[in-house]
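Student: Please see the structure below; I have some questions.
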Amino acid sequence: MTRTRVLAVALAVALALQSVAAVAGVAAAQDAGVAISDVTVVPEQPAPGEEFEVTVNLSNYGGSDESVRVTDLYVRSNGELKEYTRVDNPGAIPAGGQLTVPFTLSFEEKGTKNLRVHATVQTGDGDYTKLQYPLYVTVDEPDDVLVSMPTSEATADEETPVNVTVANGASEPITGVSVSLEGDGSVATSERVVGSIEGASDRAFNYTVNFSETGPHDLQATVTYTTAQGVTRTVTESSTVDVVNESTSDGDEIEGEVGLVSVETRGSGVTTIQGEAANVGGTRVESVVLRVRETESVSPMSASGEHFVGGLNASAFDTFELIAEVEGNASTVPVEVEYLVDGERLTKVQQVPVDSGDGAAPSDFGRDSEPGREEQFGEQRMQQTPPQERSTGLLGGIGGLLVPVVLVVGLLGGGYVLWRR
């Protein structure tokens, strides 16, 4: 037999043996029955730059009594080699048992990330198998807590009230709420702390700011809180205050007077009142307060039933929002307007017609969550079906190896015939 024929026969035998080994390795992996059974993300929608926890559960459904060892676990972008994290030798999984592997990730840019969780598993026979599981993460700015800071015109070298309202739109309470106000002016007691704010409710924080110079001045409110899932987040809100000199008056000017203009109402049951508090007089007014006056059929809605405007120069105005609970057939909501003119406190009541339509209030805080909110993110994980049970008896094992053995015998027989010729 020539050297060429000997080499051909040897190569054919090697390929056949390699095929047998591959089939045996796959059979061992299937017998082990290892799979990534679940992947969870907390919080489900992390903020840009915020660390979130990913928990991977691996299960050994095993057709045998042998344990398997997870040699490494890592996360990559789908279809790419870019690796975000890796865990080496996270542990072993006994037959019928599970292994939980937690790790953290963070992304600076907003958007939906299409990822894959990869795991390498070694069976008791020393064979390796690869597993993967889809992972979709949506990164976006949090919208469960909103901060509002309406500001009006201020007077230099005078105390100006500033209200910071923190509204929790989530269904569960937030805890460890810290509110701080900073900016160009001098803020008295800039940091406030409250233990919690219940779900679907708000809390107002009143500040006093003094501006030494005229012109536009910036203020920034920073709110830090912890969600029900234990995630600490920070939200900021900025506003610009126009600081002017105090207006002067003479005997010919009309005293300052506050009225409500451009008023609109929306909603029934829970009614939102929006508009402008305007100084229609000729002198400055101080300490302007708007509140829903309680009657048999009308009551103020928590902290949203009162709005502190502060000072208003002549012909100046400030926007406001009040929320009231209206029962029965009430056609108007009484809004009490209280303010100071030259040190004298004045009070008047303005009747605001109630919207007779079915329009919803523009603010949902204090009401049930918007329908479908819990389903906004949807199910982001694809379930992986555990391996089908297979026969581990004698005939099952022989059936799995029968084709490769026949192939080896055929190749050897062909080689012998060639050698005889």
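The values are calculated or read from the model by the stated rules, or taken from the named source; none is laboratory data. Bear in mind the structure is a predicted one, so any value in this text is a computation, not a measurement. Note that each Cβ is placed from the backbone with ideal geometry, even for glycine, and that neighbours are counted across all protein chains shown. These accessible areas exclude ligands, DNA and RNA; they are computed on the full protein's heavy atoms, side chains included. Shrake-Rupley method; radii C 1.70, N 1.55, O 1.52, S 1.80 Å.
Student: Could you grab me the full set of residues in the stretch 259-268 that are in a strand (DSSP E or B) and either within 39 Å of the chain's Cα centre (by Cα) or modelled with pLDDT under 90 (or both)?
Tutor: Leu260, Val261, Ser262, Val263, Glu264, Thr265, Arg266
Student: Right, next: Which members of the stretch 43-79 meet the condition of being outside any strand (DSSP E or B) and over 24 Å from the mean Cα position of the chain (by Cα)?
Tutor: First pass over the stretch 43-79, keeping only residues outside any strand (DSSP E or B): 43-51, 61-67, 78-79.
Hits for the stretch 43-79 are Tyr61, Gly62, Gly63, Ser64, Asp65, Glu66, Ser67, Gly79.
Student: Now, a different point. If you check Ser302, Ser315, Ser297, which single one turns out to be in contact with a Gly (Cβ under 9 Å, 6 or more places away or on another chain), modelled with pLDDT under 90, surrounded by fewer than 18 Cβ atoms within 10 Å (Cβ to Cβ) and over 21 Å from Ser148 (Cα atoms)?
Tutor: One residue alone meets the criteria, Ser315.
Okay, residues lined up against (1) touching a residue at least 40 places away in the same chain (Cβ under 8 Å); (2) among the β-branched types (Val, Ile, Thr):
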| site | (1), (2) |
| --- | --- |
| Val309 | yes, yes |
| Asn313 | yes, no |
| Glu321 | yes, no |
| Val326 | yes, yes |
| Ala330 | no, no |
| Val335 | yes, yes |
| Glu338 | yes, no |
| Val341 | yes, yes |
| Val349 | yes, yes |
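Student: Of the residues Glu182, Glu153, which single one is in contact (Cβ under 8 Å) with a residue 60 or more places away in the chain and acidic (Asp, Glu)?
Tutor: When all the criteria are applied, what remains is Glu153.
Student: Could you tell me whether the stretch 153-173 includes any residue that is among the polar types (S, T, N, Q), open to solvent by 30 Å² or more (accessible area, probe 1.4 Å) and over 21 Å from Asp318 (Cα atoms)?
Tutor: Yes.
Student: Tell me yes or no: at least one residue of the stretch 56-72 is touching a strand residue (DSSP E or B) at 6+ places or on another chain (Cβ under 9 Å), at pLDDT 90 or above and within 30 Å of Ala170 (Cα to Cα).
Tutor: Taking every residue of the stretch 56-72 in turn, at least one turns out to be touching a strand residue (DSSP E or B) at 6+ places or on another chain (Cβ under 9 Å), at pLDDT 90 or above and within 30 Å of Ala170 (Cα to Cα).
Student: Here's something else I'd like to know. From the residues in the stretch 70-124 that are without any contact (Cβ under 8 Å) to a residue 24 or more places away in the chain and open to solvent by less than 70 Å² (accessible area, probe 1.4 Å), which one is farthest from Ser37 (Cα to Cα)?
Tutor: Only one residue fits best here, namely Thr85.
Student: Mind checking which pairs have a first residue in the stretch 221-233 that is in a loop (DSSP other than H, G, I, E, B) and a second that is basic (Lys, Arg) and open to solvent by 20 Å² or more (accessible area, probe 1.4 Å), Cβ under 8 Å, 6 or more apart or different chains?
Tutor: What qualifies is Thr227/Arg233.
Student: In the stretch 201-232, what residues are at pLDDT 90 or above and more than 22 Å from Gly310 (Cβ to Cβ)?
Tutor: Ser201, Thr224, Tyr225, Thr226, Thr227
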